[in-house]
Amino acid sequence: MTRPRAKTPRSTSIATLRTAARANKILAILESTYPHARVTLDYKNPFQLLIATILAAQCTDERVNQVTKHLFKKYRTPQDFANADPSELEEAIRPTGFYRNKTRSIIGCSKQLVEKYGGQVPRTMEELIQLPGVWRKTANIVLGNAFGLSEGIAVDTHVTRVANRLGLAQSDKQDEIEQQLCRVIPREKWTLITHLLIFHGRTTCKAQRPACPRCQIRHLCPWPHKSS
Ligand code: SF4
């Protein structure tokens, strides 16, 4: 019986290099296709982006923006959120769903910002993920977009789906997808790739009916006939 050959480190690195080369071509096309790709949450400072990102869990950015338009007029600082009446805050953010958990996270997070960081949002992954309601994805969004720091790649449902279809990742776990993408995407593009994959996922590589025939990166995709 012939045993399957184990992958050698050399074959793994060649495969990674090939994927990285393909990823760079994909990146270039997506950059020209979506030149205005950016975070679609409205915010004026790192703290507002942090709160908006917590609210965006299981909710559309459009709905979060409708809520924060009024919310950020009433609650302007971490101190304001830390002292918020929980039932009032729950009511204000109810349209975003999971409002009780989100209220607990926002008040807890704001209290820690006031008590430990003088009301400032910390600039490291280690500190951010200690805050209530803040996961790697949230931290990556804040670090990349509010501070211009490339610590990792934010992975949401669009990034999960599109990266897997494109063969840039092979996992359904966000942490693993992030690690796999970081291996093949240049560090200076880590923040941008999230926006590009989200824009492509929303407009073309949709969950139910991906528009493969008009997809700009079809020739670089292992699944170009997914919609047929
Ligand atoms: S060819 Fe189809 S499956 Fe591949 S990225 Fe484009 S839309 Fe998605």
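Each reported figure results from applying straightforward, stated rules to the coordinates on display, with no laboratory input. On a predicted model such as this, the values are computed, not experimentally measured, just so you know. In this analysis, Cβ positions are derived from the backbone assuming ideal geometry, glycine residues included, and neighbour counts consider all displayed protein chains.
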remark   = What helix-only [θ] at 222 nm does the chain give? Using -39500 (n - 2.57) per DSSP H run of at least 4, over all residues, to the nearest 500, the answer is -17500 deg cm²/dmol
ask   = Quick one: putting +1 on the C-beta of Lys and Arg, -1 on the C-beta of Asp and Glu, what dipole do you get for segment 1-132 around its Cα centre, in Debye to the nearest 20?
value = 900 debye
ask   = Can you give the relative contact order of segment 32-115 as a percent, counting alpha carbon pairs under 8 Å and 6+ residues apart?
value = 30 percent
ask   = In degrees, nearest 10, range 0 to 90: what is the angle between the Cα axis of helix 136-146 and the longest Cα principal axis of the chain?
value = 80 degrees
note = Checking rank on 186-195, 24-33, with mean other Cβ inside 10 Å and highest first, the result is 186-195, 24-33
inquiry  = Compute the helix-to-body angle for 61-74: its Cα long axis versus the longest principal axis of the chain, expressed 0 to 90° and rounded to tens.
reply    = 20 degrees
Pair residue 70, residue 20: separation of 7 Å Cα→Cβ label points (nm) = 5.0 nm
request  = Using the number of other C-beta atoms within 10 angstrom as an exposure proxy, rank 98, 199 with the fewest first.
outcome  = 98, 199
inquiry  = Between residue 45 and residue 214, what is the label-point separation in nm under the 7 Å Cα-to-beta-carbon projection?
reply    = 4.3 nm
query = How about residue 44: which lysines have a C-alpha closer than 18 Å to its C-alpha, ignoring those fewer than 8 places off in the same chain?
reply = 69, 73, 74
